[in-house]
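Below is one structure, written out as structure tokens; the observations come after it.
The values are calculated or read from the model by the stated rules, or taken from the named source; none is laboratory data. Please read these numbers as outputs of a predicted model, since none were measured by experiment. As a convention, Cβ positions derive from the backbone with ideal geometry for all residues, glycine included, and neighbour counts pool all protein chains shown. The protein model used for the area step is the full one, side chains on, heavy atoms only, and it has no ligands, DNA or RNA in it. Shrake-Rupley method; radii C 1.70, N 1.55, O 1.52, S 1.80 Å.
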Amino acid sequence: MAPIRRNIQELPASRIRQASLAGRDIEDLIALWFGEGDEVTPAFIRDAAADALRRGETFYGPNRGIPELRGAIRRYLRRVYGVDLDLDRIVVTASGMNALMIAIQCLVGHGDSAVVVGPVWPNAENAVAAMGAEVRRVDLQVQPDGSWRLDLDRLIDSCDATTRLIVVNSPNNPTGWTASEDELRGMLEHARRRGIWILADEVYARIVYGARHAPSFITQVVPDDPVVIVNSFSKSWSMTGWRLGWIVAPSELNVAIEKMTEFNISHPTTFAQWGGVAALDHGDDYVEALVRRYAEAGELVYQQLSGLPRIRLPRPRSSFYAFFRVDGVTDSYDYAVELMKRAKVGLAPGVAFGPSGEGHLRLCFATSLPKLTQALDRLVPALR
């Protein structure tokens, strides 16, 4: 057989999916390993897509997305962030992951390096590696209380003449760390000085507790700044299976992104985009209620687990994950599998998010309170 590109062959398999496969035969397992809620997409969004199907919205559409959805994104950003963007800075994508991939395809290749803030969901850095570029991790520093902090000077020092891209996910999966306005400003000033792109994964931007949204580059950038902001409908509108997202970027880069969209997918699914219009135009109350529910769930997890002698867990402030360290655990994958067998609860191993995640487990609490309570009743004795 003809050879496959070596850097593609060497990409690691998802340790989260491997853990889920290890638990496939365990009866009565409560799975909290994947990053999605258990709530079906709300009816008003499903109805909008169904209406589009009935209207016959089943044909090819524009590479950048239907005008109605791009307009809805513009209205949403004006309403929530107070910014008004030209439509040529907005591209609809087939998921947040698709947005990350096509942006990375446009920005890095062999001989380049990308600095990635970790621990982090591994797909973005693996997309960098797939393009043949070098991944340089700058890990957040864990604090005595289990929270995480960015060393901005270290991040800047990790950039050299080969660095074309900084990848930052804030609010962060898995840690819940959220960059401050000052930290975002520091990254942006460095990117401007050095001509380095920033790829900002902001898919958890609305899932913050005590604020309407997390600090965002969207309120700091000017139109030609070297910043690509990625968002998704998956988390805040319970639309994981829809595979719908968007990009905000300089108009010149979006010309290239439009080409890569054509070459990868042609365009996002036409009728699904009408669901996105409904989500953005009519979903504010839904998002706010969902965040209140997640805040209650996160507090329940914190109260149940943080007092255990082996556990170090900060109070969740954003996203819908509890990322906690278990004293004495040196192989989080094996421990997650062992815990799955003993407690019948599936958690993601911390090593799935990079070496700095080792010794941790990630629990997704975006689930119903009865189900979460049952899971905690099983976990607490097993973690003592």
- Note down the net charge around Ser306, summing +1 for each Lys or Arg and -1 for each Asp or Glu among other residues with Cβ under 14 Å from its Cβ. +3
- If you rank Leu184, Leu152 by how much accessible surface each has, with a 1.4 Å probe, what is the order from largest down? Leu152, Leu184
- If amide H atoms are modeled at 1.01 Å from N in the peptide plane, then the residues at a separation of 5 or more from Asp151, or on another chain, having amide H under 5 Å from its own are Gln141
- Task: Can you sort Ile156, Ile4, Ile247 by 1.4 Å-probe accessible area, starting with the largest?
- Result: Ile4, Ile156, Ile247
- Query: Are there trypsin sites (Lys or Arg not before Pro) in the stretch 182-274 that DSSP marks as loop and that have at most 15 other Cβ atoms within 10 Å, and which are they?
  - Reply: Arg212
- Loop-only check: which trypsin sites (Lys or Arg not before Pro) in the stretch 279-336 are DSSP coil with at most 13 other Cβ within 10 angstrom? Arg310
- Do you know the relative contact order of the chain, to the nearest whole percent, from alpha carbon pairs under 8 angstrom that are 6+ apart? 25 percent
- Under the rule of -39500 (n - 2.57) per DSSP H run of 4 or more residues, summed and divided by the residues of the chain, what mean residue ellipticity at 222 nm is obtained, to the nearest 500 deg cm²/dmol? -12500 deg cm²/dmol
- Taking GluC sites (Glu not before Pro) as exposed when DSSP calls them loop (any state but H, G, I, E, B) and at most 11 other Cβ atoms lie within 10 Å, what is the longest stretch of the chain free of them, the sites themselves excluded? 28-384
- Message: Tell me the accessible surface of Phe217 in square angstrom (1.4 angstrom probe, heavy atoms of protein chains only), to the nearest ten.
- Response: 0 Å²
- Message: For a quick check of your reading of the filter: which chymotrypsin sites (Phe, Trp or Tyr not before Pro) in the stretch 7-114 sit in a DSSP loop and have no more than 12 other Cβ atoms within 10 Å?
- Response: Phe59, Tyr60
- Query: Taking +1 at the Cβ of each Lys and Arg and -1 at the Cβ of each Asp and Glu, which of Ile247, Tyr333, Ala279 sits farthest along the dipole of the stretch 238-338 towards its positive end, judged by Cα position relative to the Cα centre?
  - Reply: Tyr333
